[in-house]
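Below is one structure, written out as C-alpha coordinates; the observations come after it.
The values are calculated or read from the model by the stated rules, or taken from the named source; none is laboratory data. Since the structure is predicted, the reported quantities are computational estimates derived from the model, not experimental observations. So basically every Cβ, Gly included, is an ideal-geometry build from the backbone, and we count neighbours across all protein chains shown. Accessible surface is based on the protein model in full, side chains and every heavy atom, while ligands, DNA and RNA are left aside. Shrake-Rupley method; radii C 1.70, N 1.55, O 1.52, S 1.80 Å.
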Amino acid sequence: MFSFHVFDHPLSRGFQNRFSTQYRCYSVSMLAGPNDRSDVEKGGKIIMPPSALDQLSRLNITYPMLFKLTNKNSDRMTHCGVLEFVADEGICYLPHWMMQNLLLEEGGLVQVESVNLMVATYSKFQPQSPDFLDITNPKAVLENALRNFACLTTGDVVAINYNEKIYELRVMETKPDKAVSIIECDMNVDFDAPLGYKEPERRPQHQEEPTEEEADPTSYADMDLGFRAFTGNGNRLDGKLKGIEPSPVPLDPSDIKRGIPNYDYKVGRITFIRNSRPLPRKAFDEEDEMNRFIAFSGEGQSLRKKGRKP
(Lines give C-alpha, C1' and ligand atoms only; values in the text may rest on other atoms or scores of the structure.)
Protein backbone atom coordinates (compact mmCIF):
# COMPACT_ATOMS: atom_id res chain seq x y z
CA MET A 1 0.00 0.00 0.00
CA PHE A 2 1.14 3.47 -0.69
CA SER A 3 0.21 6.59 1.19
CA PHE A 4 0.37 10.15 -0.13
CA HIS A 5 0.81 13.26 2.01
CA VAL A 6 -0.42 16.54 0.49
CA PHE A 7 1.96 19.46 1.06
CA ASP A 8 0.04 22.02 3.14
CA HIS A 9 1.71 25.42 2.59
CA PRO A 10 0.59 28.38 4.77
CA LEU A 11 0.28 30.54 1.66
CA SER A 12 -2.26 28.17 0.17
CA ARG A 13 -4.30 28.32 3.38
CA GLY A 14 -4.32 32.10 3.12
CA PHE A 15 -5.86 31.98 -0.34
CA GLN A 16 -8.46 29.45 0.79
CA ASN A 17 -9.55 31.71 3.69
CA ARG A 18 -9.96 34.75 1.48
CA PHE A 19 -13.40 35.89 0.41
CA SER A 20 -13.54 37.33 -3.11
CA THR A 21 -16.54 37.69 -5.40
CA GLN A 22 -18.32 40.12 -7.72
CA TYR A 23 -21.70 41.78 -7.18
CA ARG A 24 -23.89 44.20 -9.02
CA CYS A 25 -24.15 47.28 -6.83
CA TYR A 26 -27.09 49.60 -6.32
CA SER A 27 -27.68 52.59 -4.10
CA VAL A 28 -29.63 52.19 -0.87
CA SER A 29 -32.64 53.99 -2.35
CA MET A 30 -33.13 50.95 -4.62
CA LEU A 31 -33.42 48.59 -1.65
CA ALA A 32 -36.89 47.04 -1.59
CA GLY A 33 -38.76 46.85 1.70
CA PRO A 34 -41.25 48.70 3.89
CA ASN A 35 -38.60 50.03 6.26
CA ASP A 36 -36.68 53.21 5.57
CA ARG A 37 -32.96 52.41 5.30
CA SER A 38 -31.66 55.96 5.19
CA ASP A 39 -29.33 55.02 8.05
CA VAL A 40 -27.13 53.20 5.52
CA GLU A 41 -26.44 56.51 3.75
CA LYS A 42 -25.06 57.98 6.98
CA GLY A 43 -22.20 55.50 7.32
CA GLY A 44 -19.56 53.47 5.56
CA LYS A 45 -21.11 49.98 5.58
CA ILE A 46 -22.80 47.96 2.84
CA ILE A 47 -25.60 45.36 2.65
CA MET A 48 -24.65 41.96 1.19
CA PRO A 49 -26.68 38.83 0.26
CA PRO A 50 -27.15 35.90 2.70
CA SER A 51 -24.93 33.65 0.59
CA ALA A 52 -21.97 35.87 1.47
CA LEU A 53 -22.58 35.22 5.18
CA ASP A 54 -22.76 31.47 4.51
CA GLN A 55 -19.46 31.56 2.65
CA LEU A 56 -17.76 33.79 5.22
CA SER A 57 -18.85 31.54 8.10
CA ARG A 58 -17.02 28.58 6.50
CA LEU A 59 -13.82 30.59 6.18
CA ASN A 60 -11.49 31.59 8.96
CA ILE A 61 -12.33 35.30 8.68
CA THR A 62 -10.89 37.74 11.19
CA TYR A 63 -13.50 39.91 12.90
CA PRO A 64 -14.60 42.62 12.41
CA MET A 65 -15.41 41.83 8.77
CA LEU A 66 -13.79 44.42 6.53
CA PHE A 67 -13.88 44.43 2.74
CA LYS A 68 -12.06 46.03 -0.14
CA LEU A 69 -14.28 47.28 -2.98
CA THR A 70 -12.69 47.68 -6.42
CA ASN A 71 -14.07 49.01 -9.68
CA LYS A 72 -11.84 47.36 -12.27
CA ASN A 73 -13.15 49.56 -15.08
CA SER A 74 -11.98 52.81 -13.45
CA ASP A 75 -9.24 51.34 -11.22
CA ARG A 76 -10.82 52.93 -8.14
CA MET A 77 -10.99 51.22 -4.78
CA THR A 78 -12.19 51.85 -1.22
CA HIS A 79 -12.81 49.94 2.00
CA CYS A 80 -15.95 49.33 4.02
CA GLY A 81 -17.69 47.17 6.61
CA VAL A 82 -20.89 45.14 6.36
CA LEU A 83 -24.15 46.13 8.02
CA GLU A 84 -26.55 43.32 7.15
CA PHE A 85 -26.90 40.25 4.90
CA VAL A 86 -30.40 40.84 3.54
CA ALA A 87 -29.75 41.80 -0.10
CA ASP A 88 -30.92 39.75 -3.07
CA GLU A 89 -28.49 37.19 -4.44
CA GLY A 90 -25.81 38.66 -6.67
CA ILE A 91 -26.57 42.22 -5.47
CA CYS A 92 -25.07 44.52 -2.84
CA TYR A 93 -26.26 47.94 -1.74
CA LEU A 94 -23.79 50.80 -1.20
CA PRO A 95 -24.12 54.35 0.16
CA HIS A 96 -24.37 56.96 -2.56
CA TRP A 97 -21.10 58.69 -1.60
CA MET A 98 -19.26 55.35 -1.88
CA MET A 99 -20.60 54.77 -5.39
CA GLN A 100 -19.40 58.24 -6.36
CA ASN A 101 -15.89 57.48 -5.08
CA LEU A 102 -15.81 54.26 -7.12
CA LEU A 103 -17.34 55.95 -10.20
CA LEU A 104 -20.06 53.29 -10.26
CA GLU A 105 -23.48 53.55 -11.83
CA GLU A 106 -26.61 51.66 -10.86
CA GLY A 107 -26.09 47.98 -11.69
CA GLY A 108 -22.32 48.26 -12.16
CA LEU A 109 -19.97 45.42 -11.20
CA VAL A 110 -17.83 45.71 -8.09
CA GLN A 111 -15.21 43.31 -6.75
CA VAL A 112 -15.61 42.54 -3.02
CA GLU A 113 -12.63 41.05 -1.14
CA SER A 114 -12.13 40.45 2.57
CA VAL A 115 -9.13 42.25 4.09
CA ASN A 116 -7.42 42.85 7.43
CA LEU A 117 -6.63 46.47 8.22
CA MET A 118 -4.48 48.09 10.89
CA VAL A 119 -6.08 50.13 13.65
CA ALA A 120 -6.04 53.87 13.01
CA THR A 121 -3.99 56.24 15.14
CA TYR A 122 -4.30 59.50 13.14
CA SER A 123 -6.50 60.95 10.39
CA LYS A 124 -6.77 64.31 8.68
CA PHE A 125 -9.87 65.65 6.93
CA GLN A 126 -10.51 68.54 4.56
CA PRO A 127 -14.08 69.91 4.40
CA GLN A 128 -15.24 70.43 0.84
CA SER A 129 -17.20 73.57 1.70
CA PRO A 130 -16.58 76.55 4.03
CA ASP A 131 -20.06 75.91 5.50
CA PHE A 132 -18.45 73.29 7.72
CA LEU A 133 -16.96 76.16 9.77
CA ASP A 134 -20.46 77.13 10.91
CA ILE A 135 -20.56 74.03 13.14
CA THR A 136 -19.82 74.95 16.74
CA ASN A 137 -17.87 71.79 17.64
CA PRO A 138 -16.77 70.05 14.42
CA LYS A 139 -14.64 67.40 16.16
CA ALA A 140 -17.56 66.22 18.27
CA VAL A 141 -19.84 66.11 15.22
CA LEU A 142 -17.27 64.12 13.23
CA GLU A 143 -16.66 61.73 16.11
CA ASN A 144 -20.37 61.02 16.37
CA ALA A 145 -20.68 60.49 12.60
CA LEU A 146 -17.67 58.12 12.40
CA ARG A 147 -19.44 55.68 14.71
CA ASN A 148 -21.32 54.47 11.61
CA PHE A 149 -18.06 53.83 9.74
CA ALA A 150 -15.83 50.78 9.95
CA CYS A 151 -12.72 52.01 8.11
CA LEU A 152 -11.21 54.97 6.27
CA THR A 153 -9.29 55.14 3.00
CA THR A 154 -6.96 57.97 2.01
CA GLY A 155 -8.43 59.93 -0.89
CA ASP A 156 -12.09 59.10 -0.22
CA VAL A 157 -14.73 61.82 0.11
CA VAL A 158 -17.03 60.76 2.94
CA ALA A 159 -20.43 62.31 3.64
CA ILE A 160 -21.82 63.02 7.11
CA ASN A 161 -25.31 64.21 7.99
CA TYR A 162 -25.66 66.92 10.63
CA ASN A 163 -28.65 69.13 11.37
CA GLU A 164 -30.45 67.95 8.21
CA LYS A 165 -27.51 68.97 6.02
CA ILE A 166 -24.91 66.87 4.19
CA TYR A 167 -21.24 67.79 4.68
CA GLU A 168 -18.53 66.20 2.55
CA LEU A 169 -15.00 65.70 3.87
CA ARG A 170 -12.00 64.36 2.00
CA VAL A 171 -9.71 61.97 3.87
CA MET A 172 -6.32 63.63 3.34
CA GLU A 173 -4.16 61.35 5.48
CA THR A 174 -4.45 58.24 7.65
CA LYS A 175 -1.88 56.54 9.85
CA PRO A 176 -0.31 54.00 10.10
CA ASP A 177 -1.52 52.99 6.60
CA LYS A 178 -3.51 54.39 3.69
CA ALA A 179 -6.47 52.22 4.72
CA VAL A 180 -7.20 51.80 8.43
CA SER A 181 -9.85 50.38 10.71
CA ILE A 182 -11.57 52.81 13.10
CA ILE A 183 -13.49 50.28 15.19
CA GLU A 184 -12.66 50.65 18.90
CA CYS A 185 -9.61 52.84 18.33
CA ASP A 186 -8.02 55.91 19.89
CA MET A 187 -7.53 58.16 16.87
CA ASN A 188 -6.30 61.74 16.73
CA VAL A 189 -8.31 63.88 14.31
CA ASP A 190 -7.06 66.99 12.52
CA PHE A 191 -8.66 69.35 10.00
CA ASP A 192 -7.24 71.08 6.95
CA ALA A 193 -8.52 74.41 5.65
CA PRO A 194 -11.86 73.96 3.83
CA LEU A 195 -11.87 73.94 0.07
CA GLY A 196 -12.36 77.50 -1.21
CA TYR A 197 -11.76 79.12 2.19
CA LYS A 198 -10.14 82.55 2.24
CA GLU A 199 -8.73 84.07 5.40
CA PRO A 200 -10.18 87.48 6.30
CA GLU A 201 -7.90 90.45 5.82
CA ARG A 202 -6.43 91.73 9.05
CA ARG A 203 -6.34 95.44 9.65
CA PRO A 204 -3.40 96.99 11.52
CA GLN A 205 -4.22 97.45 15.18
CA HIS A 206 -2.22 100.62 15.72
CA GLN A 207 -3.17 103.40 13.33
CA GLU A 208 -1.40 106.71 13.25
CA GLU A 209 -3.66 109.32 14.84
CA PRO A 210 -3.77 112.62 12.99
CA THR A 211 -2.00 115.38 14.86
CA GLU A 212 -4.12 118.35 15.78
CA GLU A 213 -2.78 121.46 14.19
CA GLU A 214 -2.74 124.67 16.16
CA ALA A 215 -5.60 126.85 14.95
CA ASP A 216 -5.50 130.61 14.60
CA PRO A 217 -7.72 132.27 17.28
CA THR A 218 -8.82 134.89 14.75
CA SER A 219 -10.60 132.21 12.75
CA TYR A 220 -12.89 131.27 15.64
CA ALA A 221 -15.31 134.05 14.71
CA ASP A 222 -15.91 132.44 11.32
CA MET A 223 -16.90 129.14 12.89
CA ASP A 224 -20.53 128.13 13.31
CA LEU A 225 -21.02 128.36 17.06
CA GLY A 226 -24.66 127.23 17.05
CA PHE A 227 -27.29 129.08 19.09
CA ARG A 228 -26.77 132.73 19.98
CA ALA A 229 -29.30 134.51 22.19
CA PHE A 230 -31.32 137.59 21.10
CA THR A 231 -30.23 137.50 17.48
CA GLY A 232 -33.72 137.14 15.96
CA ASN A 233 -35.98 139.77 14.37
CA GLY A 234 -39.01 141.21 16.18
CA ASN A 235 -42.47 141.58 14.62
CA ARG A 236 -45.05 144.28 15.21
CA LEU A 237 -48.71 143.49 15.96
CA ASP A 238 -49.94 146.02 13.38
CA GLY A 239 -47.95 144.34 10.63
CA LYS A 240 -45.67 147.29 9.92
CA LEU A 241 -42.01 146.68 9.33
CA LYS A 242 -39.52 148.00 11.77
CA GLY A 243 -37.37 150.86 10.64
CA ILE A 244 -34.09 149.52 12.01
CA GLU A 245 -33.09 145.96 11.42
CA PRO A 246 -31.26 144.56 14.42
CA SER A 247 -27.92 143.09 13.71
CA PRO A 248 -26.22 140.55 15.92
CA VAL A 249 -23.47 141.77 18.11
CA PRO A 250 -20.14 140.84 16.52
CA LEU A 251 -18.25 138.21 18.39
CA ASP A 252 -14.85 139.19 19.64
CA PRO A 253 -12.28 136.42 19.24
CA SER A 254 -10.85 137.30 22.65
CA ASP A 255 -14.18 136.30 24.27
CA ILE A 256 -13.78 132.70 23.11
CA LYS A 257 -12.16 130.57 25.77
CA ARG A 258 -10.78 127.18 24.96
CA GLY A 259 -10.04 124.45 27.44
CA ILE A 260 -6.52 123.57 28.37
CA PRO A 261 -5.55 120.29 26.65
CA ASN A 262 -4.20 117.48 28.78
CA TYR A 263 -0.91 116.58 27.17
CA ASP A 264 -0.39 113.70 29.61
CA TYR A 265 -3.57 111.92 28.39
CA LYS A 266 -3.32 108.13 28.06
CA VAL A 267 -5.81 105.84 26.34
CA GLY A 268 -8.13 104.14 28.85
CA ARG A 269 -7.39 106.58 31.68
CA ILE A 270 -9.68 109.34 32.93
CA THR A 271 -8.11 112.27 34.78
CA PHE A 272 -10.05 114.92 36.69
CA ILE A 273 -8.14 118.21 36.77
CA ARG A 274 -8.98 120.43 39.76
CA ASN A 275 -7.57 123.68 41.14
CA SER A 276 -5.09 122.40 43.69
CA ARG A 277 -3.71 125.82 44.69
CA PRO A 278 -4.58 126.69 48.35
CA LEU A 279 -6.43 129.88 49.14
CA PRO A 280 -4.44 132.79 50.62
CA ARG A 281 -4.22 132.67 54.40
CA LYS A 282 -5.51 136.24 54.83
CA ALA A 283 -8.66 135.66 52.81
CA PHE A 284 -9.26 132.41 54.67
CA ASP A 285 -8.97 134.15 58.10
CA GLU A 286 -11.40 136.94 57.10
CA GLU A 287 -13.97 134.45 55.84
CA ASP A 288 -13.54 132.38 59.01
CA GLU A 289 -14.17 135.38 61.27
CA MET A 290 -17.31 136.32 59.37
CA ASN A 291 -18.76 132.83 59.59
CA ARG A 292 -17.73 132.23 63.23
CA PHE A 293 -20.71 131.50 65.51
CA ILE A 294 -21.27 133.83 68.55
CA ALA A 295 -23.94 132.84 71.06
CA PHE A 296 -26.69 135.31 72.10
CA SER A 297 -25.49 137.95 69.70
CA GLY A 298 -28.91 138.67 68.17
CA GLU A 299 -31.25 141.55 68.80
CA GLY A 300 -34.67 141.16 70.38
CA GLN A 301 -37.87 142.62 68.92
CA SER A 302 -41.02 143.82 70.72
CA LEU A 303 -44.55 143.81 69.34
CA ARG A 304 -45.54 146.81 71.47
CA LYS A 305 -44.20 150.16 70.48
CA LYS A 306 -42.57 152.09 73.19
CA GLY A 307 -44.18 155.50 73.98
CA ARG A 308 -42.39 158.67 74.79
CA LYS A 309 -42.03 159.55 78.41
CA PRO A 310 -43.60 162.90 79.41
Quiz prompt | Count of region 94-128 residues which are open to solvent by 10 Å² or more (accessible area, probe 1.4 Å) and among the aromatic types (Phe, Trp, Tyr) | solution = 2
Quiz item: Consider residue 123 against the criteria (1) touching a Phe, Trp or Tyr at 6+ places or on another chain (Cβ under 9 Å); (2) part of a strand (DSSP E or B); (3) at pLDDT 90 or above: it satisfies all of them except one. Which criterion is unmet?
Solution: (1)
Quiz item: Looking at 189, 158, which one is in contact (Cβ under 8 Å) with a residue 12 or more places away in the chain and in contact with a Leu (Cβ under 6 Å, 6 or more places away or on another chain)?
Solution: 158
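Could you count how many residues in region 129-144 are surrounded by fewer than 21 Cβ atoms within 10 Å (Cβ to Cβ) and in contact with a helix residue (DSSP H, G or I) (Cβ under 7 Å, 6 or more places away or on another chain)? Steps first, please.
Our first condition is that a residue be surrounded by fewer than 21 Cβ atoms within 10 Å (Cβ to Cβ); within region 129-144, this holds for 129-131, 133-141, 143-144.
Retained after the next criterion (residues that are in contact with a helix residue (DSSP H, G or I) (Cβ under 7 Å, 6 or more places away or on another chain)): 135, 138.
Of the residues in that region, 2 qualify.
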Quiz item: Of the residues 203, 170, 236, which is modelled with pLDDT of 75 or more, part of a loop (DSSP other than H, G, I, E, B) and among the basic types (Lys, Arg)?
Solution: 236
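Residues in region 156-163: is at least one among the aromatic types (Phe, Trp, Tyr) and open to solvent by less than 60 Å² (accessible area, probe 1.4 Å)?
Taking region 156-163 and keeping what is among the aromatic types (Phe, Trp, Tyr), we get 162.
Subsequent filtering for residues that are open to solvent by less than 60 Å² (accessible area, probe 1.4 Å) retains none.
So far as region 156-163 goes, no, none of its residues is among the aromatic types (Phe, Trp, Tyr) and open to solvent by less than 60 Å² (accessible area, probe 1.4 Å).
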Quiz item: Residue check: is residue 126 over 20 Å from residue 38 (Cα atoms) and in the same structural domain as residue 68 (by the TED database)?
Solution: no
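Test residue 183 against the criterion of being aliphatic (A, V, I, L, M), assigned to a loop (DSSP other than H, G, I, E, B) and not assigned by the TED database to the domain that holds residue 81, and give yes or no.
Working: aliphatic (A, V, I, L, M): yes; assigned to a loop (DSSP other than H, G, I, E, B): yes; not assigned by the TED database to the domain that holds residue 81: yes.
Here the answer is yes, as residue 183 does meet what is asked.
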